[in-house]
Each structure stands twice: as structure tokens, then as C-alpha cells.
1. What angle do you read, to the nearest 10 degrees and between 0 and 90, between the alpha-carbon axis of helix 24-35 and the longest principal axis of the chain?
2. Can you tell me the orientation of helix 314-334 relative to the chain, as the angle in degrees between its alpha-carbon axis and the longest Cα principal axis, to the nearest 10?
3. Once both labels are modelled 7 Å past Cα along the beta-carbon direction, what's the residue 373-residue 52 spacing in nm?
4. Taking the chain as the reference, fit the longest principal axis to its C-alpha atoms, fit the long axis of helix 354-367 to the helix C-alpha atoms, and give the angle between the two in degrees, 0 to 90, nearest 10.
5. How high is the FRET efficiency from residue 361 to residue 76, r the C-beta distance, R0 35 Å, rounded to 0.05?
6. Expected output is a single nm value to one decimal: the length gained when fully extending between residue 387 and residue 297, i.e. 0.36 nm times separation in residues minus the C-alpha distance. What is it?
7. Percent relative contact order of the range 230-346, based on C-alpha pairs within less than 8 angstrom and at least six residues apart?
8. Take residue 351 and residue 322, extend 7 Å from each Cα along the Cα→Cβ direction, and tell me the distance between the two endpoints in nm.
Ligand code: GLV
Ligand code: MN
Ligand code: MN
């Protein structure tokens, strides 16, 4: 197993002979309670960042942490830290997010938050003397569904956000992310005030559903995550000419939606052509489109596309992003219209910590749990915290690989197994057993 150099304090309490057992019923009941907040058609869940439903889910978490006797800290944008004190030194953190996409599922995010809470309160109840503090964490705004800006809370905790990064982050109603943050008293220089001192974090662990089909297809129970693919996001705006759909001849139009349709098809083509470049597993998606005026009897004058390109290698992702930008300009020139390409955010893929990968693998080996060592195609808070501390991720299977959908499902036994492994990994790291 690759070793991880973590600082030791001199008078370290000894590790207990056996791991305490999590309370499965409590874990699943709390997960269910979170799921009911923002529930909609077909059991879907909608908790967009800074919405009333998302706020309520965070309030519930504060309540559960307080009830568990943890020391709760909520920072200015709403990141929540539930801490159990230990002898001294930096803390072992575990967590994820409670916000969701529109009409998403119950598990993407909450499994990691409630799983971490269950691990920390189990440790507390066991009464063991901890050599260092442990914390369950909920990061605000991991999903990019509202503003096109992902991992907001963890990016701020990792000190990765500057004012200029927020410029093009706007929701469907025109509300700017920068304005929402300013309303919370966070702007300009105070953005960096949310950064946590890396010296206070020994390691960060995140339990998450796979959101893909690999574990189920291979009959594996646990994914040991090696790297996280990072997105490049663009807003592309074609401006043509709105006009009467009945009276304007076909050769006298500037149809912004027809231009956008060309680009949507190209995003798919460019990602497919580069899909396996440099083992990059490139994917490209246009997930949202805004049409103005958006009525049946008018030629669309202005169309805005949200483009998402991802890969586990920066090179492959950048190549597709450049190709998409080039093609957008060509399409605009061919149709004699204007195009604006506004970068929302571009991030580098991240490798997770070799020592933590080793810890999670060891646990699976010792417990004879079938596991897969694999990269993550989805983004996670771990990719931000990895920039300031050792970070590791544990995946559990997603039924049929479906996620960001009400059909998202993971069996309760698999959720509990994931939480048990998270607990074990937190304790091994805390006691320096890795
Ligand atoms: C988060 O789920 C993402 O969009 O990758
Ligand atoms: Mn998600
Ligand atoms: Mn997630």
C-alpha cells in the first residue's frame, strides 16, 4: 500500500481493537428525511443551490448534528462542519453536498453527507479516545444546475474562487451568483476569507454514488476512486434577428436557433471524435438552451447554450473546447450573425491521494469486498479539497448507472456498506494506521 505522510502527535490514544458499528436504521431514516425535502413528480428531488428547499435540507443537517452532540460551525455561505474533538492536530473530514439538480435523485450528495454524519456520531457514541478531531461536512452548491458553476462551497473552502470567476455565472432568471454571494456578505477580498487553513485538515474522504454503470456491470460493491474528471463550461450566445416566421423568406433570415442546432450537433461530434484521446474519456454536452423570443411564430433572434465538456486529462478536454469555440465562430460567420463565447469555468482534472487510495483498497481486501479501482467522470467536492489536503473517494453502485434522474437508485445494503467503509477509513487515517 502506498504510504501517506501524515503528522503524528506524541501522546496518541491507541486505536480500539474493533471498529464500532454504524446504526443502519438511523442512517437510512435520516437519508429518507433529507429525500423528502424538495420531493416532486415520480419521487424526483429538486434542491437548487440557495433555494428554499436546499436551505431546509441544510437546516435539517444542522439539527441532526446538534442532536448528535457535535460542535457545529456554519460559514458565511452555508458550508456546514459538524466536529467531534480529538486529542489534537488537524482533523479528518468527510462529507459531500445536499443540493441537487432539477428533478434529480435522492442519493447524489446526501449519501456522502449523512454517511459522514453517521460515521462521526458512531465514533462519538463508541466513546473511543480520538487522536485528532473528525468532522462531517456539507458543502454548498456542488451542482452546477443553477448557475453553471460547480463545487462552489468546496472551491471557496479550498481558496479556488476569484471575483472574476463569477462574472459569467448567471441563473435562468438572470440572477448573478456574484450578487447572491454579495447578499450573504461575501464579495471581493472576503471570498478568500472562506478559505480553510490547510494545516487544519489531515485528510478529506467522500462517499458518493458512482453515477455510472461500471460497478454494477462488473458485479463490484465498492469503487476506489483514483482521479476526477474536470469540466470546462461555456455559455455560447448566438445573436441573429428576430422576425416574423410567416413573412420572412428563407434566404433572408438570421435564425439563431438554427445556428445553435448546428453547434449542438458539433459538440457531440467533437467529443465523439476525441473520446479516447490520451485515455481522456472526453464527453461533451449541451444541457440547457434559452431561446428568445421562444414562440412558434417568430424566428429566434437570440439563443444561449450551456456547454459542458469533461475529461480526466486536461489536454483532451481543452482540444474539444477549442474545437467547439472555433466551430461556433465559423457557424456565426457562415450565417452572418454575432456569437459571444463566455467561459464560465475551466478546471484541471485531479488525481486523488495515493495513501488514501491504499487505505480504502486495504479495507476492501481485508473484508473481502469486491472493488474496482476507477476514475470518476462526475465532478465532486473532493476535487477542490484535493488542492489543499489529501483527498480520497469511495463509490457505491448506481442501479443501471442512472443518476441526475428520479430513477437514481442504490440499494440500502450498499449505502450501509459504503458508510461502514467510510467510518473504517476515517478511523484508520485518524489513528495513523495507514
Ligand atoms: C456533479 O454531479 C456533476 O455535474 O458532475
Ligand atoms: Mn450531481
Ligand atoms: Mn454529487
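1. Taking the Cα atoms of the chain, the angle to 24-35 is about 20 degrees.
2. 20
3. 5.0
4. 60
5. On the way: r = 38 Å, r/R0 = 1.08.
For R0 = 35 Å, the calculated efficiency reads 0.40.
6. On the way: separation 90, 0.36 × 90 = 32.40 nm, distance 5.08 nm.
Length difference between fully extended and current span is 27.3 nm.
7. Details: 250 pairs, mean separation 50.8, N = 117.
The normalised contact order for the range 230-346 reaches 43 percent.
8. Result for the modelled spin labels: 2.4 nm.
Readers should treat all values here as calculations from the given coordinates under stated rules, not as data from a laboratory. It should be emphasised that the depicted structure is a prediction, and the values quoted were computed from it without experimental measurement. Don't worry about glycine lacking a Cβ; one is built from the backbone with ideal geometry, like all the others, and counts go over all protein chains shown.
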